[in-house]
Amino acid sequence: MEAECKSVHDPFYCRHQRGNCSGHFMSMKPAMIGAKAERRVLFPGPIVVGAGPSGLAVAACLKDKGIPSLILERSNCIASLWQLRTYDRLRLHLPKRFCELPLLPFPSWFPTYPTKQQFVAYLEAYVRQFDIQPVFNASVVAAEYDAAAGFWRVRTVSSGGGSEKERTEYVCRWVVVATGENAEAVLPEIAGLEEFKGPVVHTSLYRRGDVYRNKRVLVVGCGNSGMEVSLDLCNHNAHPSMVVRDSVSHPWLCSLSSLCHQNPIHVRFPLSRNHITTESSS
Ligand SMILES: Cc1cc2nc3c(=O)[nH]c(=O)nc-3n(C[C@H](O)[C@H](O)[C@H](O)COP(=O)(O)OP(=O)(O)OC[C@H]3O[C@@H](n4cnc5c(N)ncnc54)[C@H](O)[C@@H]3O)c2cc1C
């Protein structure tokens, strides 16, 4: 599932899957191909798509070498994944030494696992330090390499609230795609889901467990987010169960269980031997 989710929005992966390998062409929204751009901007350096940590790091490193770049970001802020699509209790899942961006260390007083607010503050400082000024509300819908001219044509549609959609074509020699592996919510098809009458929420829309107090909640998947959301639900006196497609090691689950003091978590693995139900105890 993780590999599928990481690849599903990768245009190069999609092209490969379709067996279409001709030319340097990437389409994020085929319906827009051929749409007449109303504005054309020639940019002398690389265009970077996405103002997440990767795009910001690329822009900073280029700037450090004296190369101008321009970031196009469909959202209205930097690090939109962290600012707009993560739950409140989130901290970095990895120790900070693995997560800092090039050329600017985390403040020494940051904890080993900074909160998302600290991480976002660090990224805001990063943007200031390197004077990075992304173009916000610019959703890249296609990028096409014009081999004859030796230029990329990168098309954007304004993604702000206005009804008039502004279209722009950026012409440049280099394109860096930094659109992230978690930038899109992926909801797998689950048979019978449409018959379920309760709310179905992707983790990118989950904020905190208080709205689930005393409710029974099924968490699908036990990656980092599934684990942490389950813990958050427990801490808010909800009753989560977790369903897992593949087997996972028991020590890992025991760690989660030991954290859930208030309520048990029920975990189901669709193992071939038999179905195991694990309950944490306080
Ligand atoms: C809950 C959670 C916890 C995590 N914890 C960690 C951690 O501890 N350490 C770690 O290293 N990683 C962690 N990650 C992984 C996360 O992917 C990275 O932290 C980081 O956000 C990746 O940066 P990125 O710039 O590659 O992608 P993103 O942060 O996803 O940024 C991509 C940007 O591209 C923009 N974009 C996408 N498509 C377009 C388009 N067509 N046009 C214009 N803009 C576009 C998006 O709006 C977004 O702003 C975590 C992820 C999640 C969900």
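Computed from the C-beta positions of residue 246 and residue 91, the FRET efficiency with R₀ = 25 Å rounds to 0.45.
Cross-link pairs exceeding 32 Å between alpha carbons, from the set 165/197; 65/165; 65/116: 165/197; 65/165.
The value of relative contact order for the range 72-191, using C-alpha pairs under 8 Å at least six residues apart, is 25 percent. Protection proxy ranking, highest mean first, for peptides 128-138, 74-84: 74-84, 128-138, where packing is the per-residue count of other beta-carbon atoms within 10 Å, averaged.
For the range 39-111, the relative contact order is 31 percent, taking Cα pairs closer than 8 Å that sit 6 or more residues apart in sequence and dividing their mean separation by the residue count.
Each Lys or Arg adds one and each Asp or Glu takes one away; over the other residues whose Cβ falls under 14 Å from the Cβ of residue 197, this sums to 0. With a simple spin-label model that places each label point 7 Å from the Cα along the Cα-to-Cβ direction, the separation between residue 117 and residue 104 comes to 2.0 nm.
Take the Cα of residue 77, step 7 Å toward its Cβ, do the same at residue 38, and the gap between the two points is 2.8 nm.
Taking Lys and Arg as +1 and Asp and Glu as -1, the other residues whose beta-carbon sits under 12 Å from that of residue 160 total -1. In this structure the amide hydrogen of residue 48, modeled in the peptide plane, comes within under 5 Å of the amide hydrogens of 70, 71, 72, 176, none closer than 5 places in sequence on its chain. For chymotrypsin sites (Phe, Trp or Tyr not before Pro), the sites in the range 169-248 that DSSP calls loop and that have at most 12 other Cβ atoms within 10 Å are 196. The modelled label-to-label distance for the pair residue 174/residue 187, using points 7 Å beyond Cα in the direction of Cβ, is 4.0 nm. Ranked by the mean number of other Cβ atoms within 10 Å per residue, highest first, peptides 187-194, 215-222, 59-66, 97-104 order as 215-222, 59-66, 97-104, 187-194.
FYI, it's all coordinate maths here, none of it is from the lab. This structure is a prediction, so every number in the text was calculated from the model and none was measured. Glycine also receives a Cβ, built like all others from the backbone with ideal geometry; neighbour counts cover every protein chain displayed.
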